[in-house]
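In what follows, a single structure is set out as structure tokens and then discussed.
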Amino acid sequence: MEIELSKHEKKIISELKSIAKRWPARLWIFAGPSGNLLIMRTGEKGEPVHTKTGGVDGDYVITDVKIPADGGDF
């Protein structure tokens, strides 16, 4: 299926790709249960930090970004 995008949508996607090229190694993004993107700090070795039970460690959340997101697979 081909999805037709507006000029604005194309511009936003281009901007996100540009940000990805400059993204700091000490940050990562988690598509949280809130349905938004969470900006997270990595651990000392640059890895996402999880709790002992396997969940993402909420102590490492810096902020959220109100972009709807879902971390599920297709």
(request) Check whether at least one residue in the stretch 29-41 is β-branched (Val, Ile, Thr), at pLDDT 95 or above and over 11 Å from the mean Cα position of the chain (by Cα), and report yes or no. (result) no
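When the residues of the stretch 29-40 are narrowed to those that are of a type outside the set (A, V, I, L, M) and out of contact with any Asp or Glu (no Cβ under 9 Å at 6 or more places or on another chain), which ends up surrounded by the fewest Cβ atoms within 10 Å (Cβ to Cβ)?
Kept after step one, since they are of a type outside the set (A, V, I, L, M), are these residues of the stretch 29-40: 30, 32-36.
If we keep only those that are out of contact with any Asp or Glu (no Cβ under 9 Å at 6 or more places or on another chain) as well, we get 30, 33.
Values: Phe30: 18, Pro33: 11.
Checked the stretch 29-40; the qualifying residue surrounded by the fewest Cβ atoms within 10 Å (Cβ to Cβ) is Pro33.
Test Gly46 against the criterion of being of a type outside the set (Asp, Glu), touching a Pro at 6+ places or on another chain (Cβ under 9 Å) and not in a strand (DSSP E or B), and give yes or no.
On the way: of a type outside the set (Asp, Glu): yes; touching a Pro at 6+ places or on another chain (Cβ under 9 Å): no; not in a strand (DSSP E or B): yes.
It is false that Gly46 is of a type outside the set (Asp, Glu), touching a Pro at 6+ places or on another chain (Cβ under 9 Å) and not in a strand (DSSP E or B).
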(request) Quickly run through the stretch 1-27 and pick out the residues that are exposed (fewer than 10 other Cβ atoms within 10 Å of the Cβ), among the charged types (D, E, K, R) and part of a loop (DSSP other than H, G, I, E, B). (result) Glu2, Glu4
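The values are calculated or read from the model by the stated rules, or taken from the named source; none is laboratory data. Keep in mind it's a predicted model, so treat the numbers as computed, not measured. Positions of Cβ are generated from backbone atoms using ideal geometry, with glycine treated the same way; all protein chains shown enter the neighbour counts.
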